[in-house]
1. If you take just the helices (runs of 4 or more DSSP H) that sit entirely in region 67-160, which of them hold at least 2 residues that are within 15 Å of the chain's Cα centre (by Cα)?
2. Any residue in region 132-151 that is open to solvent by less than 100 Å² (accessible area, probe 1.4 Å) sitting within a Cβ distance under 6 Å of a residue that is acidic (Asp, Glu) and part of a helix (DSSP H, G or I)? List the pairs, counting only those 6 or more apart or interchain.
3. If I go through region 79-130 residue by residue, how many of them are open to solvent by less than 50 Å² (accessible area, probe 1.4 Å) and of a type outside the set (Gly, Ala, Ser)?
4. List pairs: first in region 112-123 and under 18 Å from ALA97 (Cα atoms) and in contact (Cβ under 8 Å) with a residue 12 or more places away in the chain, second aliphatic (A, V, I, L, M) and open to solvent by less than 70 Å² (accessible area, probe 1.4 Å), Cβ under 6 Å, 6+ apart or cross-chain?
5. Collect the residues in region 42-67 that are open to solvent by less than 50 Å² (accessible area, probe 1.4 Å) and either of a type in the set (Asp, Glu) or at pLDDT 90 or above (or both), keeping them in residue-number order.
Amino acid sequence: MASSSSSSHFAAAASSRSCKYDVFLSFRGEDTRKTFVDHLYSNLTQHLIRVYKDNETLPRGESIDQSLFEAIEESRIAVIVFSKNYADSSWCLEELAHIMKCKDERELTVLPIFYDVEPTDVRNQKGKFGKAFAKQKAKNVTRAEIWRKAFVDVSNIAGWEPKNIANGTEDGSLTGQAKGLKGSVLPNAGRGVPPRLQNVEGGSLV
């Protein structure tokens, strides 16, 4: 658990940033777009939380890579939904690398969700997740080490595992995840300060 002084500093730094979006969603569409991610997006936007979701927010005619990177930089929190095919997308991998870069350089808060994958599989690129990553690693040898480091770094952050919520049922997990994230980003007394942000680094969100 982070100390009270470091937690206060973390919360103050996050609240001092002026951002276009509250949440940037990074996810593999074929795995989660029509289930978890759509449910999460709907719940958050209903509470007036500004969410960047590529198929909903990306302006027509704009370069995908540049728009995504700018959206990450203009967000306060990045939620990464890891799924079995996440690492089989070079777009997802580049998003992840940029998110972790912004975490270090722009004080972006990162919340990983391990959807149908184990955190250890992400850290070590094992199982189905590892098989998916192997395909991209073979195609992009020069970027592979950057992506691998990003996996290790993000797996050190306290995250959520849907299978450990609501007895692992799909509906219960989706609802629990959405409620938990709403609690993390809803404004505190109208001042734009996430009420539980100071606990993110301390590991209390799992």
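The values are calculated or read from the model by the stated rules, or taken from the named source; none is laboratory data. Since the structure is predicted, the reported quantities are computational estimates derived from the model, not experimental observations. FYI the Cβ positions are ideal-geometry reconstructions off the backbone, even for glycines, and counts take in every protein chain you see. What goes into the accessible areas is simple: the full protein's heavy atoms, side chains included, and nothing from ligands, DNA or RNA. Shrake-Rupley method; radii C 1.70, N 1.55, O 1.52, S 1.80 Å.
1. Once the helices (runs of 4 or more DSSP H) in region 67-160 are filtered for at least 2 residues that are within 15 Å of the chain's Cα centre (by Cα), what remains is 90-106, 119-124, 141-155.
2. Listed by first residue and then by second, the contacts come to ALA132/ASP88.
3. Residues that pass the stated criteria total 30.
4. Hits for this filter: PRO112/ILE80; PRO112/VAL154; PRO112/ILE157; ILE113/VAL81; ARG123/VAL152.
5. VAL51, TYR52, LYS53, ASP54
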